[in-house]
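The values are calculated or read from the model by the stated rules, or taken from the named source; none is laboratory data. In this text the structure is predicted, and so the values were computed from the model without any measurement. Note that each Cβ is placed from the backbone with ideal geometry, even for glycine, and that neighbours are counted across all protein chains shown.
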Amino acid sequence: MNVRVVPLLLLAAGAALPYAPLADVNAAAPDLPASLSRLLGTDHLGRDVFRRVLAGARAFLIPGVGAAVIAGGLGVGLGALAGWFGGLVEGVVTGCMGALRAVPPLVLALLVMMATGAGPAGLALGAGLAALPAFTEGVADRLGALRRAEFVVAARAHGISDARILVWHLLWVNTRALVLREALATVGQVLVLEVTLSYLGHFGVQEPTPSWGNMIDHALRTGCANPLAWVAPVAAVLVTLSATVPGGVRR
Amino acid sequence: MRLLLRALALRALTFVATTAGAVLVVTALFSAVPGDAIDALPNGPELRSQLEAEWGLAGGFGERLADALPRAARLDFGHSLTVSPGAPVLPLAASAAGRSAALLLPAAALALLAGFLGAAFAGDGAERPVGAWRRLLVRAVAALSAVPAVLAALAVVNGVNAGTWSLMEAGRVERPAWFALPESDHAVRSALAVLVLAGASASLLWMLRRAGDSLTQLGQETFVVAERARGGPLVPLYLRHLAAPAARLGAAQAPALLSALIVVERAFGMPGAGSLFWESCGLRDWPLAVGLAVVAAVTATSARFVADAVAVIVDPREREALS
């Protein structure tokens, strides 16, 4: 298993714990520092920061997995067509991906969210479309390089069908690591989108539902006395990004 | 010459097709958005029947798309409805884009320069070994650039304000002219915005790696090896043959820079296409938002076209590959 998936799995386990945002409000205990009972203290409304950081992971994990599935499913399919057949098919697919890539990712995700609704489904679809060119071009390049490889010629000579060569030998054996890498990068991209939209307002996750983006925005706007109220979600964002998108944002 | 013109014509055709595709995507998505500018007005429900006819907002997705596409092809995006009521969209979008260019172009140039200089300093593309600490230093600095633009902008604005306030309270400094961000319109604010745009989300680490690959590849070319053996000047050779990779890297980061522009302009309170786009989305001024999104897409495809054209002009192998 790719070691970079491990932090995400731990995060998913934490995010699955039950959390009731309204029940967590405690006006009698605002801005408390870290303690044994509240590992990261409380925010301006007396809410447990640690539990909100865990619960806030849902805001990007669920749409992130959705976006990775959408982009991966479509991208592998289109990339396989382009890489295997080449020629005009590759030209058409590359042209469509070029048009999609020309729209800035935030603008594209925003447009899709406005058209379909600003919820996790809209974010997943928007981010998935923004990530689609990277998946498609990565798979197409890999297959384009491998389709004339000696092992492919040998497999054909042994009577193995083109479909089996494409699906098993090329896509499963030689491309799945690339697809997993791109899927992780997509989850990271959704995290960046979610934090950005929460900061900008309107289309992000709205209070009281926790998300790392609205936790940072709320802590900075209210001037929360407990610095962990914004340090913790910022650290969570940076650690998650380093696990999902090593080397910076995808181009 | 014929080969060059043919190659440029092919690239221009690709540019036109890609731009048309991007405009189609943007227009189709906007046509699918439910609700309109009338919803944003306080007395919208009372005025709906009148304004729908006046503003041309009646009709479902198909009708709106059928109306929007031919107008988009003529670069007619109509008039702003709620942000600047009655103002034609194209001049509004163009002037906002001009203000944003003052951030974008320096940021792109800075990111490219930092990437190539960093790669050269770290020893990428050099034959002699360099110290490990040099590589580590450059990569550590570049890894900081993996911070998303939104967090970097917030950190810079809040950090600079808090730090300056502390110094002012301790009596160490007088109140600077640019204090406090982002309210003040000052060169310092613009400079910080350019730095954040260039560094964060433009990903210096990504630029560093790609620049390093380009330097390495160029250093191994036979004509460079021959020139080195002759003892001839390498700098003009490198400058000429790095023009195409640099242009391509710049074009590749254009969409991400345009995305980050929205955040940076909002965080630093700077007027431009990014903050105007966000405002128009919030007020459901779809004609203005479409116009701005189209300007952004055309900017990205134009950057790509310029990069391809530079590659074709500088490198004869690109021309021959297209023939």
Problem set entry | Enumeration of residues in region A:46-75 that are in a loop (DSSP other than H, G, I, E, B) and either in contact with a Lys or Arg (Cβ under 8 Å, 6 or more places away or on another chain) or buried (at least 19 other Cβ atoms within 10 Å of the Cβ) (or both) | A:ARG47, A:ALA57
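If we scan region B:207-224, do we find a residue that is among the β-branched types (Val, Ile, Thr), without any contact (Cβ under 8 Å) to a residue 60 or more places away in the chain and within 14 Å of chain A (Cβ to nearest Cβ)?
No, region B:207-224 has no match at all.
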Seminar exercise, completed: Note: among A:THR136, A:THR196, A:THR175, just one is under 30 Å from A:VAL103 (Cα atoms), in a helix (DSSP H, G or I) and under 14 Å from the mean Cα position of the chain (by Cα), namely A:THR196
Problem set entry | Considering residues of region B:251-280 that are surrounded by fewer than 24 Cβ atoms within 10 Å (Cβ to Cβ) and facing chain A (nearest Cβ under 8 Å) only, the residue nearest to B:ALA94 (Cα to Cα) | B:TRP278
For this session: Residue by residue through region A:114-125, note down the ones that are more than 9 Å from every other protein chain (Cβ to nearest Cβ) and in a helix (DSSP H, G or I).
Result: A:PRO120, A:ALA121, A:GLY122, A:LEU123, A:ALA124, A:LEU125
Exercise. What residue, among those in region A:87-113 that are more than 7 Å from every other protein chain (Cβ to nearest Cβ) and of a type in the set (A, V, I, L, M, F, W, C), is nearest to A:GLY128 (Cα to Cα)?
Worked result: A:ALA109
Exercise. Would it be correct to say that B:ALA177 is on the phi < 0 side of the Ramachandran plot and assigned to a helix (DSSP H, G or I)?
Worked result: no
Problem set entry | Meets criteria (within 12 Å of chain B (Cβ to nearest Cβ) and either at pLDDT below 90 or surrounded by 22 or more Cβ atoms within 10 Å (Cβ to Cβ) (or both)) for A:VAL187 | no
Exercise. Which of (1) within 10 Å of another protein chain (Cβ to nearest Cβ); (2) crowded, with 21+ Cβ neighbours inside 10 Å does A:GLY128 not meet, given it meets every other one?
Worked result: (1)
Exercise. Counting just the residues of region B:1-18 that are more than 7 Å from every other protein chain (Cβ to nearest Cβ) and among the β-branched types (Val, Ile, Thr), which one comes out surrounded by the fewest Cβ atoms within 10 Å (Cβ to Cβ)?
Worked result: B:VAL16
Seminar exercise, completed: Residue set A:LEU111, A:LEU143, A:LEU88; condition out of contact with any Phe, Trp or Tyr (no Cβ under 6 Å at 6 or more places or on another chain), of a type in the set (A, V, I, L, M, F, W, C), buried (at least 20 other Cβ atoms within 10 Å of the Cβ) and assigned to a helix (DSSP H, G or I); output residue A:LEU111
For this session: Could you list all residues from region B:282-298 that are modelled with pLDDT of 85 or more and at the interface with chain A (Cβ under 9 Å from one of its Cβ atoms)?
Result: B:ALA289, B:LEU292, B:ALA293, B:ALA296, B:ALA297, B:VAL298
For this session: Please verify whether region B:310-323 includes one or more residues that are assigned to a helix (DSSP H, G or I), within 14 Å of chain A (Cβ to nearest Cβ) and hydrophobic (A, V, I, L, M, F, W, C).
Result: yes
Exercise. In this structure, does A:LEU129 turn out to be part of a helix (DSSP H, G or I), in contact (Cβ under 8 Å) with a residue 24 or more places away in the chain and either more than 30 Å from B:VAL26 (Cα to Cα) or in contact with a Pro (Cβ under 6 Å, 6 or more places away or on another chain) (or both)?
Worked result: no
For this session: Select from region A:33-43 the residues that are farther than 17 Å from A:ALA23 by Cβ and touching a residue at least 40 places away in the same chain (Cβ under 8 Å) and list them in ascending order.
Result: A:PRO33, A:ALA34, A:LEU40, A:GLY41
